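Asks: Right, I'll just put the structure down here and ask away after.
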Amino acid sequence: MDKNVTRRHAISVAALAGAGVAVAACSGGGDTTAAPAAPAGSSAPAAGGGALTTTAEVPVGGGVILGEVVVVQPEAGTFKGFSPTCTHQGCKVTSVADSQIVCPCHGSQFSIADGSVTSGPATTPLPEVPIKVDGTNITLA
């Protein structure tokens, strides 16, 4: 390392690098942040139609984010699937809580009952992803 590098120079370079990361995270190109891992015992959609998850792993009033589908249970015994991609700027949603699917990028929230926007800036609902309940297994339809 060059002995002439000052502390001020090193801090300014680090600040510029951090600003670049922040700008990239807010760009319209989508979010590359991975969704939380699937609950124990579940898996992402498998080739050949394997189970996404089980009914026991999807809480009533909540849901789980599994790869390319958010599986929710708005009321006991009713299961629905939605796209995990926020309709505002393409970020991936990261949580399901209090009957809401939540996007961390700009705070949009979607109803687990029908995917409709409950809090913007998104204005378009999350698209449904067809799922099927077969016994206690939930699969893509």
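The values are calculated or read from the model by the stated rules, or taken from the named source; none is laboratory data. All of these numbers come straight from a predicted model, not from anything done at the bench. All Cβ positions, glycine included, derive from the backbone under ideal geometry; neighbour counts span all protein chains shown.
Asks: Report yes if Thr139 is hydroxyl-bearing (Ser, Thr, Tyr), more than 16 Å from the chain's Cα centre (by Cα) and at pLDDT 95 or above, otherwise no.
Replies: No.
Asks: Quick check on region 117-141: of everything there that is among the hydrophobic types (A, V, I, L, M, F, W, C) and out of contact with any helix residue (DSSP H, G or I) (no Cβ under 9 Å at 6 or more places or on another chain), which residue is farthest from Lys80 (Cα to Cα)?
Replies: Per the criteria, the residue is Ala122.
Yes or no, residue by residue, for (1) buried (at least 19 other Cβ atoms within 10 Å of the Cβ); (2) in a strand (DSSP E or B):
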position: Gln89; (1), (2): no, no
position: His106; (1), (2): no, no
position: Phe110; (1), (2): yes, yes
position: Asp114; (1), (2): no, no
position: Thr123; (1), (2): no, no
position: Leu126; (1), (2): yes, no
position: Val133; (1), (2): no, yes
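Asks: Tell me, which residue of region 91-104 that is assigned to a strand (DSSP E or B) and of a type in the set (S, T, N, Q) is surrounded by the most Cβ atoms within 10 Å (Cβ to Cβ)?
Replies: Out of the qualifying residues, it is Gln100.
Asks: List pairs: first in region 83-109 and in contact (Cβ under 8 Å) with a residue 40 or more places away in the chain and more than 23 Å from Ala141 (Cα to Cα), second surrounded by fewer than 19 Cβ atoms within 10 Å (Cβ to Cβ) and hydroxyl-bearing (Ser, Thr, Tyr), Cβ under 6 Å, 6+ apart or cross-chain?
Replies: Filtered contacts from region 83-109: Pro104/Thr94.
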